[in-house]
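Data block below; observations after.
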Amino acid sequence: MLNSKQIVPIELPGFPFLVFQTKSGQTVTEDTPFLLDTVLKMYENKPLNVLELGSGTGILSIMMKLHRPGWTITGIEIQPHLVELSIGNASNCSTNVQFLEGDLRNIADYLPLNEFDLIVANPPYFKKGDFRLSQDNEKAISRHEILCTMDDFLTAVSKMLKPGGKAFLLYPLSRVAELKEKIKNIDLQDIAEFSLSTMSNNKDRTIIVELVYADH
Ligand SMILES: C[S@@+](CC[C@H](N)C(=O)[O-])C[C@H]1O[C@@H](n2cnc3c(N)ncnc32)[C@H](O)[C@@H]1O
């Protein structure tokens, strides 16, 4: 269980609620609002069953719920202390989001198959062995594929989406070709890409890939 010395408020411009993350762990980046804006532009406030894979401190799911109260949102997260934080954050924002502790690699054991209209995820960016691994366990699991791979995310998406349902997955541009190759083997088709422009030319651009589930 986390104590107050281990957590700090998340700095979110214009966000009127107090939400927390761990002091040493993964911070919210510009990727989260990019993912939020992308799905808000695509979907109105009609009833939708939404799943976030790897929900961290819950901020993305909470913001989606604040903007789209008609959506039913479930967040799955493997790190127990982050699930604890996300439940507290949802309560601070008076939002009703279901956060579950779970491993997306065996998601079919605890969630019904093919029930979701929309899946969003900001998966760990880096393959094991690429770049330096953080000394902080929370950061390491969030940034590197230690407890899941791209294949695990794609498999979970294809198991959980309804036919015709869509997923928005955020990856660095350098991994998009790999993603497109992998989805050839499963019931997912890529239909769009959204790019986050950055000021730095050196930085690997962030891409959101929009996938649709077409069950054959
Ligand atoms: C880059 S963070 C994204 C956090 C949050 N979605 C956001 O946008 O701020 C990736 C998250 O995936 C979680 N994760 C990694 N492996 C997982 C697994 N096997 N099952 C469920 N969650 C996992 C990590 O713990 C981490 O919180």
Item checked: For region 24-148, the fraction of alpha-carbon pairs in successive 5 Å shells from zero, as % -> 2, 11, 21, 23, 21, 14, 6, 2, 0
Next item on the list: Please identify every one of the chymotrypsin sites (Phe, Trp or Tyr not before Pro) in region 102-165 that sits in a loop by DSSP and has no more than 16 other beta carbons within 10 Å of its own beta carbon.
Entry: Tyr110, Phe131
Item checked: DSSP beta bridge pairing in the chain, given as percent antiparallel to the nearest 5 -> 45
Check: Principal axis lengths of the chain from Cα atoms, whole Å, largest first?
Finding: 51, 40, 36
Next item on the list: Return the ratio Rg/(2.2 N^0.38 Å) for region 7-57, where Rg is computed over Cα atoms only.
Entry: 1.33
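Of the peptides 96-103, 156-163, how do they stack up when ordered by the mean number of other Cβ atoms within 10 Å, highest first? Don't skip to the end; give the middle numbers.
On the way: 96-103: 17.8, 156-163: 21.4.
Ranked by mean Cβ neighbours within 10 Å, highest first: 156-163, 96-103.
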Check: Going toward the positive end of the dipole of region 57-164, with +1 on Lys and Arg Cβ and -1 on Asp and Glu Cβ, which of Ala108, Ser94, Leu82 do you reach last?
Finding: Ser94
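Could you work out the mean projected area of the convex hull around the alpha carbons of region 86-199, in square nanometres to one decimal? Don't skip to the end; give the middle numbers.
Working: hull surface 36.9 nm².
Average of the hull's projected areas for region 86-199 equals 9.2 nm².
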Next item on the list: Please go through region 1-69 and write out the trypsin sites (Lys or Arg not before Pro) that DSSP classes as loop and that have at most 14 other C-beta atoms within 10 Å.
Entry: Lys23
Notebook entry, point to check: Over the alpha carbons of region 8-94, what is the largest minus smallest coordinate on each principal axis, giving the biggest first in Å?
Noted result: 37, 26, 23
Item checked: Per-residue [θ]222 nm for the chain (sum of -39500 (n - 2.57) over DSSP H runs n ≥ 4, rounded to 500) -> -8000 deg cm²/dmol
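Only the coordinates and a few stated rules stand behind these numbers; no lab work does. Since we're looking at a predicted model, the values are computed, not measured. Here Cβ is always computed from backbone atoms with ideal geometry, including for glycine, and neighbour counts include all displayed protein chains.
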